[in-house]
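Below is one structure, written out as structure tokens, with a few remarks after it.
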Amino acid sequence: MSIIVEFFVAPDDASAALALQTGPGRIESLTFGNFDPEEAVVEWECLLAGGSFGELVEAGEPRIVADQGDGGCVVFALSARLSTALADAERSQLRDIAVSWAAQRAEDGEAIDTEIADGILSDLATLVGSARRRSQGVYCWAA
């Protein structure tokens with residue numbers, strides 16, 4: 001799997017959708033790779049805030065803001081529930097979630113190092129906190 005994943009801050013959906021063609025560019029963002037971010041955010045929400053994967057997907061999570069279709073680039077919003085859970089999580093809780101997420105991915109044959117998973121969740125929690133202080137949202141661009 002070779003995917004570029006960028007989580008970024010934007011004031012609203014319309015602004016976030018502008019990232020569809022070229023990515024978020026120079027705005028506040030985090031870049032990762034080689035995992036399915038749409039699946040990941042649903043798994044993280046389940047692990048942090050409860051609920052089932054199927055229920056969240058049926059509810060339309062993650063909410064797509066812009067999509068090229070045919071497997072092209074996509075921009076989606078992190079849910080308010082996930083954002084709140086990330087922002088409110090203690091460092092030890094994020095570490096535990098990272099271990100659980102890495103184990104889930106391993107069960108599905110996808111190797112994600114626990115330290116990398118921990119870094120992704122910790123950095124994302126920091127980004128969400130920064131966005132919330134400015135009353136903005138966090139979005140994801142994947143290519």
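For this structure, a couple of remarks:
- Matching residues, the stretch 24-37, being under 15 Å from Ala117 (Cα atoms) and not small (Gly, Ala, Ser): Leu30, Thr31, Phe32, Asn34, Phe35, Asp36, Pro37
- The stretch 85-113: number of residues that are among the hydroxyl-bearing types (Ser, Thr, Tyr) and surrounded by 15 or more Cβ atoms within 10 Å (Cβ to Cβ): 1
- When residues of the stretch 68-79 are limited to those that are over 17 Å from Gln136 (Cα atoms) and either without any contact (Cβ under 8 Å) to a residue 40 or more places away in the chain or among the polar types (S, T, N, Q) (or both), the one most open to solvent (accessible area, probe 1.4 Å): Asp70
- Candidate set: the stretch 1-55, residues that are over 13 Å from the mean Cα position of the chain (by Cα) and of a type in the set (Asp, Glu); chosen: the one modelled with the lowest pLDDT: Glu28
- Filtering the stretch 49-67 to residues that are open to solvent by 80 Å² or more (accessible area, probe 1.4 Å) and either among the acidic types (Asp, Glu) or in contact with a strand residue (DSSP E or B) (Cβ under 7 Å, 6 or more places away or on another chain) (or both) leaves Glu55, Glu58, Arg63, Asp67.
- For first residues located in the stretch 13-37 and within 26 Å of Arg105 (Cβ to Cβ), partners that are open to solvent by 80 Å² or more (accessible area, probe 1.4 Å) and lie 6+ apart or on another chain with Cβ distances below 6 Å form the pairs Gly33/Ile4; Asn34/Met1.
The values are calculated or read from the model by the stated rules, or taken from the named source; none is laboratory data. Bear in mind that the values here come from a model prediction, so they are computed numbers and not experimental data. We place every Cβ from the backbone using ideal geometry, glycine too, and count neighbours over all the protein chains shown. Heavy atoms of the whole protein, side chains included, go into the accessibility calculation; ligands, DNA and RNA do not. Shrake-Rupley method; radii C 1.70, N 1.55, O 1.52, S 1.80 Å.
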